[in-house]
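Note sheet for the following structure.
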Amino acid sequence: MTAELFSGGFTTDKWLPVIGSHVTWWMEKANIQFLQQSINYTMIRRPNTTQTLQKEQIASGSFLAVTRLDGLDEIIMWGCGSRVGHSTVAVWVTLNGVRDLYIMESQAGWYWPRTGIQMNQFDQWVKWANDASFNVVVLPLKAEIQAIFNETSAYEWFKTVEGMPYGFHNFAFGWIDTPTQNFPTMLNSNFLMPAIQAVYKLMPDAINSVFLLSLNKHAGTVGLTLPELEVAAGAQNMTLLQLAAVVEQEGWMYPDGYAYVCSSFVLGLYKRAGILGNLVLQATEFTPRDVYSLNIFDPSPQIPQNCKDQDPDIPYCQLIGKYRVNLGSDYASIAPYNNMDQTCPSIAPTFYRPDGC
C-alpha cells in the first residue's frame, strides 16, 4: 500500500497516463484508506463535481484549503492532525488598471507548472488545480475581519517574497513543537535523528537543506554537521530533539531567502493584511490545521444554494474536487493569541491540542 500512496501524478501534463498531473485511481484508494486508518478521517466521494463558485463570489482573504490524494498531503495531515495538506489565499489585486482575483501560495508540487512563492489569476489557478486533482474548499473571513483586510498591504508584502522557493528548510520545524509529542507512532522520536544521520551519508545536500540549515538557526550556529549540532545542543543543555523544537523565527534568512511553507505563507500574509492586530505570531510555526482553526473565519457563512446542494454536510463551499473536504470541529474554533502554536502536541489519532499551546 505504501508505494500506491505516491505512484502517479508526477508531471504537469494532464494528458499523460499514470505519470501525468492527475492523481491515479489507485492513489485515491490508497490515500483514502490511509487517512481512515491513520487519523480516522473519511473523505466521501462527491456526486457532483461542478465548480461551485465564480471569482466574483470570493472575497480577499478567503482561505482556499486543498487536499490532493498524492501521499505527501496525507503525510502532512498525519503529522499535524490536519484535514488538508496545502494552503492558499485569495486576494483581489489591481494591475495595470485591471482588478482581478489572484490565488497566492507557496508551492513546490512536481505536478504544478510553477514553483516557489507565486500568484496566479483565479481562472488559471482553477484550471491547474483541476488538472492536479485538487479538492478545494473556500473559507471566507468573518465580515468584520474581511472589512479590515488590507489588500494593498497584503500585495506589497507579497512582492517582497515573490519568487522565493518553497520553505523546505523549515518544513519539519513548524510541525515539531515538542521534543517527543509530535511524532506518529511509526516515526518514533528516538528514531528520527539516527535516521537523519543515516540518510545524510547518502544525500548530504538534501539533509542539509531540509534539516541542518534550520537546526543551525535554532542553535545559533552556522554550517555545523549533525554530530557537531548535538555537541552544540549539549552545550546549551538541550538534546537534538529539544533543539528541533526551538521556535522557528519568521525573520530568519536562509541562503535563498525566507522560508515559508504553504500554511506559514498564508499566515504571514494575514499578518501583513492587518487582520491579526498586534499579536506576536511566528507564521513559520503554523500548519494548515493551525490556520483553518483560527476563528477569523466565518463558521456559518451565507453560501449559494448550489454549494448546499452539492455538499450539504459542510458549512462552506467546496470549489472543486471529487472528494469532500470536511474540516470537522477544528474549523474556526480558536481565537488567535500571542505566541500561538509554538508548543502544541499532535499525536494521532485524537491530536489533542491543549489550550494556550
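The values are calculated or read from the model by the stated rules, or taken from the named source; none is laboratory data. On a predicted model such as this, the values are computed, not experimentally measured, just so you know. So basically every Cβ, Gly included, is an ideal-geometry build from the backbone, and we count neighbours across all protein chains shown. Remember, those area values only see protein heavy atoms, side chains included, never the ligands or the DNA or RNA. Shrake-Rupley method; radii C 1.70, N 1.55, O 1.52, S 1.80 Å.
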Handout entry: Selected residue (criterion: modelled with the lowest pLDDT) from residues of region 145-196 that are part of a helix (DSSP H, G or I) and of a type in the set (Gly, Ala, Ser)
Key = 189
Problem - Single match in 242, 181, 249 (criterion: closer than 30 Å to residue 37 by Cβ and of a type in the set (S, T, N, Q)) - result: 181
Exercise for the section: Of the numbered conditions (1) more than 19 Å from the chain's Cα centre (by Cα); (2) farther than 24 Å from residue 143 by Cβ; (3) touching a residue at least 60 places away in the same chain (Cβ under 8 Å), residue 356 fails exactly one; give the number of that condition. Expected result: (3)
Practice task
Would you mind listing the helices (runs of 4 or more DSSP H) fully within region 216-319 where at least 2 residues are closer than 24 Å to residue 91 by Cα and open to solvent by less than 10 Å² (accessible area, probe 1.4 Å)?
Solution key: 262-272, 288-292
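Kindly indicate whether residue 337 is open to solvent by 20 Å² or more (accessible area, probe 1.4 Å), at pLDDT 95 or above and of a type in the set (Ser, Thr, Tyr). I'd like the intermediate steps shown before the answer.
Details: open to solvent by 20 Å² or more (accessible area, probe 1.4 Å): yes; at pLDDT 95 or above: yes; of a type in the set (Ser, Thr, Tyr): yes.
In short, yes.
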Practice task
Return only the number of the condition from (1) assigned to a loop (DSSP other than H, G, I, E, B); (2) surrounded by fewer than 14 Cβ atoms within 10 Å (Cβ to Cβ); (3) of a type in the set (Gly, Ala, Ser) that residue 329 does not satisfy.
Solution key: (1)
